[in-house]
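Where a number appears in this text, it was derived from the coordinates with a stated rule and is not lab data. Please read these numbers as outputs of a predicted model, since none were measured by experiment. Backbone-built Cβ (ideal geometry, glycine too); neighbour counts: all protein chains shown.
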Amino acid sequence: MTTLFGTPDIAIGMKESVSRVRLFDGPLDLSWRHCATTSDFIADLFAFRFQSSRNDYMEVRHSIGYLVNELIENAVKFRAPGEIVIEASMGSECFKLKVSNDIDGENAAGFQSLLADITVGDPADLLIQRIESNAANPDASGSGLGLLTLMSDYGARLAWIFSSADESDRICLDTYASIPISQTRN
């Protein structure tokens with residue numbers, strides 16, 4: 001069974017040239033430091049074409065870095081043991097990202113419940129509601145603030161596909177993202 005949340009048209013596939021990075025589970029264990037290092041690498045790689053303008057370069061690098069870091073952190077935080085595959089491409093007007101990992105059934109159900117809440121309505125309104133809710137309950141976790149910030153402040157379009165894996169309690173999760181990239185020309 002396959003379940004889709006978010007914007008269906010970005011989940012169709014990445015047709016451009018794709019750069020792929022695999023984070024393998026192993027003796028060092030995947031951790032938060034891998035998220036920042038990987039997102040910095042990908043942001044530098046794709047922002048390089050904007051180096052003729054420091055402002056454009058910094059803006060593009062920041063936007064890509066924030067997006068990649070947020071999605072890799074979610075994959076590391078909620079994954080079942082195994083690798084995380086990151087695929088990225090850049091067209092003339094947008095940066096696309098796909099992060100794939102396995103999660104267990106319990107995490108999948110909780111994440112799907114969160115997605116059902118944050119993928120309906122205006123992201124800016126939902127972001128404010130979640131911020132207020134978190135302020136009232138500081139011990140709350142899994143609020144979706146990072147995803148809502150991507151949608152509201154960065155214009156990200158997001159989609160998630162949950163599908164059955166070979167193992168009984170494992171779910172394959174593919175997270176798709178697209179953010180607009182503009183270059184100011186003088």
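For the pair residue 62 and residue 85, how long in nm is the line joining their label points, each one 7 Å along Cα→Cβ?
3.4
Please list, in chain and number order, the residues 5+ apart from residue 94 or on another chain whose amide H is under 5 Å from its amide H, with Hs placed from the backbone.
181
What longest region of the chain stays clear of trypsin sites (Lys or Arg not before Pro) that DSSP places outside H, G, I, E and B and that have at most 16 other Cβ atoms within 10 Å?
16-184
So for the pair residue 137, residue 3, with labels modelled 7 Å out along Cα→Cβ, what separation do we get in nm?
2.0
Pick out which of 21, 99, 68 has the largest mean-square fluctuation in a Gaussian network model of the chain, springs linking Cα atoms closer than 10 Å.
Answer for the Gaussian network model of the chain: 21.
On alpha-carbon atoms, Rg over Rh for the stretch 72-160 using Kirkwood Rh?
Checking Rg against Rh, the ratio lands at 0.99.
Using helices alone, I'd like the mean residue ellipticity at 222 nm for the chain: each DSSP H run of four-plus residues gives -39500 (n - 2.57), total over residue count, nearest 500.
Computed ellipticity for the chain at 222 nm equals -14000 deg cm²/dmol.
What size of dipole, in debye to the nearest 20, comes out for the chain about its Cα centre when the only charges are +1 on Lys and Arg C-beta atoms and -1 on Asp and Glu C-beta atoms?
Rounded to the nearest 20 debye, it is 700 debye.
Quote the relative contact order of the chain in percent (integer), defining contacts as alpha-carbon pairs under 8 Å separated by 6+ residues.
The normalised contact order for the chain reaches 30 percent.
Under the rule a/c < 1.5 gives rounded, and otherwise a/b versus b/c splits prolate from oblate, where does the stretch 114-176 land using the Cα gyration tensor?
oblate
Please report the spacing between the Cα centers of the stretch 45-85 and the stretch 148-174 in Å, no decimals.
Cα centroid to Cα centroid, the span is 16 Å.
Karplus couplings for the stretch 147-153 from phi (6.51 cos²θ - 1.76 cosθ + 1.60, θ = phi - 60°), rounded to Hz, Gly and Pro as x?
Listing the rounded values in order: 5, 5, 5, 4, 5, 7, 8 Hz.
Rg and Dmax of the chain, Cα atoms, in Å?
Expressed in Å, the Cα Rg and Dmax of the chain come to 16.5, 56.
Consider a paramagnetic label point 7 Å from the Cα of residue 114 along Cα→Cβ; state which residues of the stretch 62-102 have an amide N under 16 Å from it.
67-80, 99-102
In which sequence would 151, 90, 58, 1 go, from the one with the fewest C-beta neighbours within 10 Å to the one with the most?
1, 58, 90, 151
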